[in-house]
Amino acid sequence: MATKILAIDDSKTMRLAVKITFAAEDADVTSVSKGSDAVARTKQLSPDVILVDADLGAGEASGYDVCQQLKNDAATKQTPVVLMVSNQTGVDQSRYNSAGADGFVNKPFDTQELID
């Protein structure tokens, strides 16, 4: 059975990059552009893993906030969440810990690292 991945990123290019990365894998990638859609989509899709941009667009909750919302919801708290963080800003360790993220990957990412 294919691994279900939910990718949340405000950049259309990054959403496409994630889809292309997993195209040759046994994975089904669904992507959304807004963090506000994350909890509802997670409940609909029951993904095996969620990839979320740590720095979603202006006016949106950050990826850290989205992760924390998912981890605080009984229906989604067991779903692994991996933050995608910019190489320029790096991971905010305090926010990462308080959000309850399961891991992070730097953007731009090495495709094999993201698959692993």
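What follows is calculated from the coordinates using simple rules that are stated; it is not laboratory data. It should be emphasised that the depicted structure is a prediction, and the values quoted were computed from it without experimental measurement. Reconstructed Cβ throughout: ideal geometry from the backbone, glycine too, with neighbour counts over all protein chains shown.
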**Study point:** Residue-wise HN-Hα coupling along the stretch 97-105, computed from phi with Karplus coefficients 6.51, -1.76, 1.60 (Hz; x: Gly, Pro)
**Key:** 5, 5, 6, x, 4, 8, x, 8, 9
Revision key, fill the gap. Interchain or sequence-distant (5+) residues whose placed amide H lies within less than 5 Å of the amide H of THR3 are ALA27, ASP28
Point to revise | Unit charges on C-beta of K, R, D, E only; dipole of the stretch 54-116, Debye | key: 160
Exercise for review: Show the residues, 5+ positions off or on another chain, whose built amide H is closer than 5 Å to the amide H of GLY57.
Suggested key: ASP10
Review point. Hey, what do the phi angles of the stretch 25-33 turn into as Karplus ³J(HN,Hα) couplings, whole Hz, using 6.51/-1.76/1.60 and θ = phi - 60°, x for Gly and Pro?
Key: 9, 7, 9, 10, 9, 10, 10, 9, 9
Exercise for review: State, in angstrom, two size descriptors of the stretch 13-116 derived from its alpha carbons: Rg to one decimal place and Dmax to the nearest whole number.
Suggested key: 12.8, 35
